[in-house]
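A short write-up of the structure that comes next.
The values are calculated or read from the model by the stated rules, or taken from the named source; none is laboratory data. In this text the structure is predicted, and so the values were computed from the model without any measurement. Protein only, heavy atoms only, side chains kept; ligands, DNA and RNA dropped before computing areas. Shrake-Rupley method; radii C 1.70, N 1.55, O 1.52, S 1.80 Å.
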Amino acid sequence: MNIEICTDCVEGAVIAEKYNAKRIELCSALSVGGLTPSFGLIKQCVKNSLVEVHVIIRPKEGDFNYSTIDIEVMKTDLKMAKEAGASGVVFGILNKSNEVSELNLELLKIAKNLGLEVTFHRAFDFVKDYKKAVEKLIEMKFDRLLTSGLQLTALEGLDVISYLQDNYGDKIQIMAGSGINQSNALKISLSGINNIHFTARKLVKSVSEFSMGENIEIDEEKIKGISNIFSA
């Protein structure tokens, strides 16, 4: 099983390596689904761990329709991720009809020329026709697809994820994500899925009475627990 941990900190990369995760998806602003992290964060994750660092390229929260200016920002951020040492990038662009946009090709060309792996993220879970969409991603030569099977969680969308794995898994890596935990990881893997993605975060009490947001840290026990399922 290839494990990818979604994280927003260096500690996440270090702990991911400790438990033999294949890669991390590095983000900022996980509370809104993840935005492009800083150059410094990418570089320090690469410096302090051996795990593959795959960087989300998402310039703003909300939907996955982007303007010409947004695309230029994404191109710049993609090059920044490579310069900082990333192994791959993660993005997804839809058109106004919620179909896979041709604009993805502009970013794909840059990423491939830089030697980066490319994952299409959960924008996929908002498409109207998932069979048509996955065929488009394969045609575009994406390396990997992250999906919850068009449902809130991967467990709820397992039938669709299994269909994608069975019918397209030899052409694009299918990675299940959303709501994966110690109680359902094995069931998901038994459906034929070879790649899982999950976030491991927990709320901790602040040591200060002053705060401008919640204090979150890595849930190492969750990572350890899921990892142990597949290393036993």
Rg followed by Dmax, in Å, when the range 45-158 is reduced to its Cα trace: 14.0, 42
Accessible carbon and sulfur surface of the chain relative to its total accessible area, %, 1.4 Å: 50 percent
For the range 174-182, Karplus couplings with θ = phi - 60° (6.51, -1.76, 1.60), whole Hz, Gly/Pro x: 9, 10, 7, x, 4, x, 7, 8, 5
With DNA, RNA and ligands ignored, accessible area of Asp70 (1.4 Å probe; Å², nearest 10): 20 Å²
Accessible-area order (highest first, 1.4 angstrom probe) of the listed residues Ile69, Ile42, Ile110: Ile69, Ile110, Ile42
Surface per residue (accessible, 1.4 Å probe) for the chain, Å²: 49 Å²
Aspartates and glutamates with Cα under 14 Å of Lys79, excluding same-chain neighbours fewer than 8 positions away: Glu106, Glu117
Residue of Val160, Val32, Val89 that the Gaussian network model of the chain assigns the largest fluctuation, springs spanning Cα pairs under 10 Å: Val32
Tensor-based shape of the range 81-132 (alpha-carbon gyration tensor, a/c under 1.5 rounded, otherwise prolate or oblate): prolate
Filter on Lys136/Lys224; Lys18/Lys136; Lys60/Lys132; Lys43/Lys131 - keep pairs with C-alpha separation over 31 Å: Lys136/Lys224; Lys18/Lys136; Lys43/Lys131
Kyte-Doolittle at least 1.0, axis length at least 27 Å by Cα - qualifying DSSP helices, the chain: none
Structure-derived mean projected area of the Cα convex hull in nm²: which label, when the choices are (1) 15.2; (2) 16.0; (3) 12.6: (3)
